[in-house]
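Scroll down for the structure; my scribbles are underneath it.
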Amino acid sequence: MKKKNPSMNSSASDHHHYKKHAPTSTRYLRVLGYPYVIWMVIFIIVPLLLVLIYSFTKGDIHNLFSLEFSADGYLRVLEPMYLKVIMNSFWLALISTFFCLILGYPVAMIIANTNPKYRSILLTFLLVPMWMNFLLRTYAWMSILSPNGILNRFLEWIGLPRLEIMPGQTAVLLGMIYNFLPFMILPIYTVLSKIDKNLLEASSDLGGNKFVTFIKVIFPLSIPGVVSGITMVFMPAVSTFVISGLLGGDKTPLIGDLIEQQFMTNRNWHFGSSLSIILMVMILISMAIMSRIERNNDREEGRTS
Amino acid sequence: MGKVLIELKQLTKIYNGVKAVDSINLTIKENEFVTLLGPSGCGKTTTLRMIGGFEEPDEGEILFEGQLLNPVPPYKRNINTVFQRYALFPHMNVFENIAFGLKIKKMPSDVIASSVSRMLKLVDLEGFEKRNVDSLSGGQQQRVAIARALVNQPKVLLLDEPLGALDLKLRKEMQIELLDMQRRVGITFIYVTHDQEEALTMSDTIVVMNKGVIQQIGTPQDIYNEPINRFVADFIGESNIIEAIMREDYKVEIDGVVLDCTDKGFAKDEPVDVVIRPEDIRIVTNPEEGMLQGTVTSVVFKGVHYEMLIESDRREFLVHRTMMFPVGSRVGMNVQPFDIQVMKRGNISEEEESEHE
């Protein structure tokens with residue numbers, strides 16, 4: 001039981017705890033939840049419903065009662081130009097998730113294997129950039145990658161040809177990987193640091209060298225962390241518009257940029273809403289796939305109980 | 001017993017400047033059941049981990065069949081370990097756990113299947129192949145851990161307090177089973193425990209350790225009947241440890257009374273420690289018939305025997321007898337010469353220290 005995924009375990013026991021005492025104490029404590037419920041209804045549920053309504057209608061957006069049913073928004077998405085944008089968004093999100101995984105996993109392993117005394121220092125190094133505003137960090141990348149930026153001046157200085165990566169997909173990818181990498185590292189680190197060291201010794205004892213131990217013991221046990229890392233990187237990556245807007249220019253619009261454009265520039269809220277709903281559905285599908293993978297992994301581990 | 005399998009020579013391990021294991025020498029033979037016994041922090045687990053390859057010795061050598069074992073990584077040693085908390089792989093079922101070592105060796109799958117089922121039979125877990133290890137009881141997990149180690153047919157099995165997490169009844173059962181298994185598979189067991197009873201029950205040889213130093217190596221009978229110093233006498237079983245003076249060969253003086261004993265070779269009038277086991281003191285109702293006299297101050301019924309404290313003018317004796325003598329009665333005590341174990345007086349300050357711990 002001890003070896004279960006710790007987060008799952010604690011939430012399960014909290015839930016149990018909550019249930020046990022529900023009849024007496026929660027009657028009053030429940031009141032404390034009301035502000036959040038109200039907040040959610042006003043700022044999440046109502047806007048979502050509005051988006052859903054706009055996505056299926058046409059007409060004056062300021063007069064809800066004048067709207068007529070229309071699937072135009074969704075049909076427009078099928079135009080090759082927009083399909084290409086959507087495909088491109090998913091493709092870039094997949095690539096950046098992949099790079100975050102192969103860059104982040106070793107980092108997570110290094111931190112997890114560090115003496116606990118120095119672990120927090122490494123974690124701080126990892127998190128310090130996140131204390132700064134996301135936009136600011138992306139601007140910093142602009143000044144590095146722009147045609148006359150730091151990178152190119154440096155290349156010139158050492159006598160190498162200039163790189164024209166911004167604006168462009170490479171710059172967007174770099175920005176995404178940079179911004180989302182911590183979200184991959186942290187969940188993997190958490191899971192890795194909880195793996196019982198005895199298991200690694202047991203593997204070594206039974207003839208497994210470091211590589212075999214990694215493939216057969218460490219990696220399978222870290223899959224829950226990998227799954228949540230992938231989820232936490234993929235979701236913001238697929239819907240981002242700031243990074244692509246700043247680093248990608250007009251060359252590589254992503255679905256996030258398209259939505260922003262429809263709402264802010266083109267004032268076509270119906271089409272924008274359709275795009276948003278499609279994006280949401282796609283994210284939900286990817287999440288469902290990920291949780292299916294995790295559950296399958298659990299079943300293999302025989303932890304269906 | 002067979003030929004020498006493992007030799008430890010001047011083996012030392014230092015943690016933060018403290019010698020956890022202090023230049024120990026030990027020879028382990030084939031098919032021997034050796035137990036490293038001692039209180040927590042005595043270096044027994046560290047010694048075991050050095051043999052397994054999980055700790056690197058700071059000094060000294062480990063020889064395995066005459067070959068230096070120090071530079072060999074754990075995964076290349078022909079030694080397997082049963083870990084304290086079993087360390088079963090939670091993402092594998094019972095079959096996969098046991099098959100782990102064989103799969104790494106790339107054995108054909110039919111060989112693996114038959115070896116695993118043979119092991120499950122040995123540890124009495126037939127039909128548990130598909131079970132999830134988390135669903136097993138402590139005793140069952142223990143057996144899986146043993147099967148997982150034994151299936152690799154190691155020359156040596158290391159066991160680190162393997163029964164520590166089990167309740168008393170199960171522990172006793174598993175002691176017998178482990179012993180039985182060891183006889184059947186015929187491999188060397190190196191067993192670590194702090195439980196002296198467990199050590200006495202199972203071992204061919206007991207190695208008593210304290211503060212990183214081997215105190216005594218011997219058969220259970222040797223260790224129990226002829227402890228070499230105060231620490232061993234105190235740690236193994238209950239005992240009366242009495243300061244005495246060796247008047248001459250075969251004569252020891254306790255509290256002004258000279259008793260016959262079977263020990264010799266001490267200097268004349270040398271101060272010594274004497275061990276008398278509680279069950280070796282016989283009580284007579286007539287105080288005059290005893291070598292020593294005293295008054296019964298406490299009686300506790302222990303099932304098999306009564307545990308009595310008998311106070312003489314100078315000290316208190318712990319006595320185990322099947323017959324009860326009421327509190328307050330004045331009695332005599334007799335001890336046979338061969339039940340008196342005379343030990344050299346060690347470093348006194350260290351003894352006091354260990355007594356006060």
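The values are calculated or read from the model by the stated rules, or taken from the named source; none is laboratory data. These figures come from a predicted structure and were not determined experimentally. Every residue, glycine among them, receives a Cβ derived from its backbone with ideal geometry; neighbour counts consider all protein chains shown. Note: areas computed on protein heavy atoms with side chains; ligands, DNA, RNA excluded. Shrake-Rupley method; radii C 1.70, N 1.55, O 1.52, S 1.80 Å.
For segment A:116-127, indicate whether the set of residues that are in contact (Cβ under 8 Å) with a residue 40 or more places away in the chain, loosely packed, with under 14 Cβ neighbours inside 10 Å and either within 27 Å of A:G225 (Cβ to Cβ) or touching a Leu at 6+ places or on another chain (Cβ under 6 Å) (or both) is non-empty.
Yes, that holds for at least one residue.
Please go through (1) farther than 27 Å from B:S23 by Cβ; (2) among the acidic types (D, E); (3) part of a strand (DSSP E or B) for B:D273 and return the number of the only condition it doesn't satisfy.
For B:D273, the exception is condition (1).
Within segment A:102-115, is even one residue at pLDDT below 90, open to solvent by 50 Å² or more (accessible area, probe 1.4 Å) and in contact with a Phe, Trp or Tyr (Cβ under 7 Å, 6 or more places away or on another chain)?
Looking for residues that are at pLDDT below 90, open to solvent by 50 Å² or more (accessible area, probe 1.4 Å) and in contact with a Phe, Trp or Tyr (Cβ under 7 Å, 6 or more places away or on another chain), one finds none in segment A:102-115, hence no.
Name the residues in segment B:266-284 that are farther than 18 Å from B:R230 by Cα and exposed (fewer than 14 other Cβ atoms within 10 Å of the Cβ), would you?
B:A267, B:K268, B:D269
Is it the case, given these coordinates, that B:F83 is within 14 Å of another protein chain (Cβ to nearest Cβ), in contact (Cβ under 8 Å) with a residue 12 or more places away in the chain and under 23 Å from B:V185 (Cα atoms)?
Here the answer is yes, as B:F83 does meet what is asked.
Of the residues in segment A:202-211, how many are within 7 Å of chain B (Cβ to nearest Cβ), in a helix (DSSP H, G or I) and in contact with a helix residue (DSSP H, G or I) (Cβ under 6 Å, 6 or more places away or on another chain)?
Residues flagged as within 7 Å of chain B (Cβ to nearest Cβ), in a helix (DSSP H, G or I) and in contact with a helix residue (DSSP H, G or I) (Cβ under 6 Å, 6 or more places away or on another chain) within segment A:202-211 amount to 2.
Pairs only if they're at least six apart or on different chains, beta carbon under 7 angstrom, first in segment B:221-237 and among the aromatic types (F, W, Y), second assigned to a loop (DSSP other than H, G, I, E, B) and crowded, with 23+ Cβ neighbours inside 10 Å; list them, first residue then second.
Cβ pairs passing all conditions: B:Y224/B:I236.
Out of everything in segment B:43-67 that is within 18 Å of the chain's Cα centre (by Cα) and under 23 Å from A:S203 (Cα atoms), what residue ends up being nearest to the other protein chains (Cβ to nearest Cβ)?
B:R49
Tell me, which residue of segment B:118-143 that is farther than 25 Å from B:L179 by Cα and not in a helix (DSSP H, G or I) is nearest to the other protein chains (Cβ to nearest Cβ)?
Among them, the one singled out is B:N132.
Determine, yes or no, whether A:S70 is touching a strand residue (DSSP E or B) at 6+ places or on another chain (Cβ under 8 Å) and not β-branched (V, I, T).
Against the criterion (touching a strand residue (DSSP E or B) at 6+ places or on another chain (Cβ under 8 Å) and not β-branched (V, I, T)), A:S70 qualifies.
Quick check on segment B:97-117: of everything there that is without any contact (Cβ under 8 Å) to a residue 40 or more places away in the chain and within 33 Å of the chain's Cα centre (by Cα), which residue is farthest from the other protein chains (Cβ to nearest Cβ)?
The extreme case among them is B:S117.
Looking at segment B:230-237, can you tell me whether even one residue there is over 18 Å from B:K29 (Cα atoms), in contact with a Pro (Cβ under 7 Å, 6 or more places away or on another chain), open to solvent by less than 30 Å² (accessible area, probe 1.4 Å) and not in a helix (DSSP H, G or I)?
Yes, that holds for at least one residue.
I'm told B:F100 meets every condition in (1) buried (at least 18 other Cβ atoms within 10 Å of the Cβ); (2) farther than 29 Å from B:L63 by Cβ except one. Can you identify the failing condition by its number?
With respect to (1) buried (at least 18 other Cβ atoms within 10 Å of the Cβ); (2) farther than 29 Å from B:L63 by Cβ, B:F100 is out only on (2).
Here are the criteria: (1) over 13 Å from B:D280 (Cα atoms); (2) under 27 Å from the mean Cα position of the chain (by Cα); (3) crowded, with 16+ Cβ neighbours inside 10 Å. Tell me which single one B:K344 does not satisfy.
Of everything listed in (1) over 13 Å from B:D280 (Cα atoms); (2) under 27 Å from the mean Cα position of the chain (by Cα); (3) crowded, with 16+ Cβ neighbours inside 10 Å, B:K344 misses just condition (3).
Select, from A:L199, A:L136, the only residue that is within 14 Å of chain B (Cβ to nearest Cβ) and among the aliphatic types (A, V, I, L, M).
Of the residues listed, the single one that is within 14 Å of chain B (Cβ to nearest Cβ) and among the aliphatic types (A, V, I, L, M) is A:L199.
Restrict the check to segment B:192-214 and report whether at least one residue is in a helix (DSSP H, G or I), open to solvent by less than 20 Å² (accessible area, probe 1.4 Å) and under 21 Å from B:V275 (Cα atoms).
Yes, some residue in segment B:192-214 is in a helix (DSSP H, G or I), open to solvent by less than 20 Å² (accessible area, probe 1.4 Å) and under 21 Å from B:V275 (Cα atoms).
Among the residues of segment A:266-292, which ones are open to solvent by 50 Å² or more (accessible area, probe 1.4 Å) and closer than 14 Å to A:A93 by Cβ?
A:M282, A:I285, A:M287, A:I289
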